[in-house]
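Chemist: Got a structure for you, written out below as structure tokens; questions coming shortly.
The values are calculated or read from the model by the stated rules, or taken from the named source; none is laboratory data. Keep in mind that this is a model prediction, so the values were computed, not measured. Here the Cβ positions follow ideal geometry from the backbone for every residue, glycine too, while neighbour counts run over all protein chains shown.
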Amino acid sequence: MLLGLTLVVLSFLRFSVNAATVCNGNTQLCDRSYGNITYVGAHDSYAVGVNNLAANQDYNITQQLTDGIRLLQMQAHNNSGTIYLCHTACELYNGGTLLDYLKTVKTWMGANPNEVVTLLIVNSDNLAATQFASVFVAAGVDSMSYSPQSASLPASGWPTLGSLIDAGTRLVTFLSTTASFEAVPYLIDEFSNVWESPYNTVDNTAFQCQKDRGTGDISTSMFLINHYLDTEVLGNPVPNVAEANVTNAASGPGSLGEEVAICAGLYNRYPNFLLVDFYEYGGGSVFQVAATANGVTYTGTVATPKPTSTSSSGGSNPSSTNGGNGNSDGRTNSGFGMATLFTVCCVTLGAFSVFI
């Protein structure tokens, strides 16, 4: 009897010691299902630069994560047998290898053990899931990746943040195509689990939280809103940096806050993922919107927007391999911007954001 009671007490103490009490920066989120939380995501997180038409962020992924980004979206391409993160084509914007990118994510997560991070990989060249898996293994992030119990789950079927942290499976990865639950269960099919709103929006009145892609049930699946505004250059959509403060705002016409409220009115729940460009514009407003949706208080700070450069000094290369990896901030000059524009004219690649 005494031995049995002792074992129960020891088991309880072990659980208490291991159980996460702060999850993604907040004590109130630990007992919440992963599928019942709103996260801010960085659209084309690797595409970092200033005065570069192919860039969607000012800061590298280390800074993005530090400031509160919890979904990192990327475009993956086959570049001579190696998976690179490129914007439509590696000749237009080369953000470096997926391997280096994942190593950077692992380093940040190692220093922040109570954080759950999501990756969304746009599989632009329809590479096999096993090809991605080999990179995950090489980067050492396969062991920290979450594998669901089935290929698709409703929003209510996901584990809590606390349980993901306790289990050491804090990295959730969605793959847009070729996912194979049997071959690589931790590379989760995106569109049977998450539906998306339209992308490449150039009219801020069009942010209406309507389903554009996804095979799951609109009422029960997790969902993502593509809330970033583009403008057209030579018929192609490019990030509208000039309107980023308005687009990322917590309220007002065309704002992130307004679309999230529209979502809540349509579906009686908030989006799971808010995908944005230049997340720091608005002074943290994108994180305030997410916090409000989550019913918690936002107390963080973010980096400040980087001023555009008027310098035209040489030495720029539109096929930068720094991108969102490491500590390089990927800043460019106006010569870089003109070079990128020239590349667009010559390569004739179509829309910059082919998938997102």
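Chemist: What are the residues in segment 74-93 that are at pLDDT 95 or above and either surrounded by 21 or more Cβ atoms within 10 Å (Cβ to Cβ) or under 12 Å from residue 45 (Cβ atoms) (or both), if any?
Modeler: 74, 75, 76, 77, 83, 84, 85, 86
Chemist: Another question, if that's okay. Among the residues of segment 99-143, what is the count of those that are within 22 Å of residue 63 (Cα to Cα) and either touching a residue at least 40 places away in the same chain (Cβ under 8 Å) or surrounded by fewer than 20 Cβ atoms within 10 Å (Cβ to Cβ) (or both)?
Modeler: Qualifying residue count, segment 99-143: 26.
Chemist: Just the residues that are part of a strand (DSSP E or B) and among the hydroxyl-bearing types (Ser, Thr, Tyr), please, taken from segment 36-57. Write out each step before concluding.
Modeler: Step one: of segment 36-57, the residues part of a strand (DSSP E or B) are 39-42, 48, 57.
Correct list: 39 only.
Chemist: Which residue out of 294, 325 is closer than 30 Å to residue 172 by Cβ and modelled with pLDDT under 60?
Modeler: Details: 294 fails: modelled with pLDDT under 60.
When all the criteria are applied, what remains is 325.
Chemist: Still on this structure, I have one more. Can you tell me which residue among 42, 54 is among the aliphatic types (A, V, I, L, M), surrounded by 22 or more Cβ atoms within 10 Å (Cβ to Cβ) and in contact with a His (Cβ under 7 Å, 6 or more places away or on another chain)? Give the steps one after another, and end with the answer.
Modeler: Working: 42 fails: in contact with a His (Cβ under 7 Å, 6 or more places away or on another chain).
Answer to the selection: 54.
Chemist: Given the conditions (1) in contact with a helix residue (DSSP H, G or I) (Cβ under 9 Å, 6 or more places away or on another chain); (2) over 23 Å from residue 30 (Cβ atoms), which single one is not true for residue 134?
Modeler: Here residue 134 meets the rest and fails (1).
Chemist: So, in segment 102-131, exactly how many residues are in contact with a Leu (Cβ under 6 Å, 6 or more places away or on another chain) and in a helix (DSSP H, G or I)?
Modeler: Looking only at that region, the number is 2.
Chemist: Quick one: count up the residues across segment 25-35 that are more than 14 Å from residue 159 (Cβ to Cβ) and not in a strand (DSSP E or B). Full working, then the answer.
Modeler: Quick first cut of segment 25-35, residues more than 14 Å from residue 159 (Cβ to Cβ) only: 25-28.
Keeping just the survivors that are not in a strand (DSSP E or B) gives 25, 27-28.
Count: 3.
Chemist: Just name the residue that is nearest to residue 235 (Cα to Cα) out of those in segment 181-202 that are of a type in the set (Asp, Glu) and crowded, with 18+ Cβ neighbours inside 10 Å.
Modeler: Filtering segment 181-202 for residues of a type in the set (Asp, Glu) gives 182, 189-190, 196.
Those left that are additionally crowded, with 18+ Cβ neighbours inside 10 Å: 189-190, 196.
Working: 189: 32, 190: 29, 196: 24 Å.
Filtering first and then ranking leaves 196.
Chemist: While we're looking at this one, here's another question. Might you let me know whether segment 173-180 holds any residue that is touching an Asp or Glu at 6+ places or on another chain (Cβ under 9 Å) and surrounded by fewer than 18 Cβ atoms within 10 Å (Cβ to Cβ)?
Modeler: Looking through segment 173-180, at least one residue is touching an Asp or Glu at 6+ places or on another chain (Cβ under 9 Å) and surrounded by fewer than 18 Cβ atoms within 10 Å (Cβ to Cβ).
So that you can scan it fast, the table gives a plain yes or no per residue for (1) touching a helix residue (DSSP H, G or I) at 6+ places or on another chain (Cβ under 8 Å); (2) more than 24 Å from residue 210 (Cβ to Cβ); (3) of a type outside the set (Asp, Glu):
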{"site": "252", "(1), (2), (3)": "yes, no, yes"}
{"site": "260", "(1), (2), (3)": "yes, no, yes"}
{"site": "268", "(1), (2), (3)": "no, no, yes"}
{"site": "279", "(1), (2), (3)": "yes, no, yes"}
{"site": "299", "(1), (2), (3)": "no, yes, yes"}
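Chemist: Ok, one more. Which of the residues spanning segment 281-302 are of a type in the set (A, V, I, L, M) and over 19 Å from the mean Cα position of the chain (by Cα)? First the steps, then the outcome.
Modeler: Start the filter on segment 281-302 by keeping residues that are of a type in the set (A, V, I, L, M), which leaves 286, 289-291, 293, 296, 302.
296 - this is the single residue of segment 281-302 that is of a type in the set (A, V, I, L, M) and over 19 Å from the mean Cα position of the chain (by Cα).
Chemist: Related question: If you scan segment 58-82, which residues turn out to be farther than 21 Å from residue 292 by Cβ and part of a loop (DSSP other than H, G, I, E, B)?
Modeler: Passing the criteria: 58, 59, 60, 80, 81.
Chemist: Among all residue pairs at least 6 apart or on different chains, which show Cβ distances below 6 Å where the first residue, located in segment 28-56, is closer than 16 Å to residue 196 by Cα and the second is assigned to a loop (DSSP other than H, G, I, E, B) and of a type in the set (D, E, K, R)?
Modeler: 39/70; 43/277
Chemist: Does residue 280 fit the bill of being touching a Gly at 6+ places or on another chain (Cβ under 7 Å), of a type in the set (Asp, Glu) and at pLDDT 95 or above? Before the answer, list the steps.
Modeler: Numbers: touching a Gly at 6+ places or on another chain (Cβ under 7 Å): no; of a type in the set (Asp, Glu): yes; at pLDDT 95 or above: yes.
Criteria not met by residue 280.
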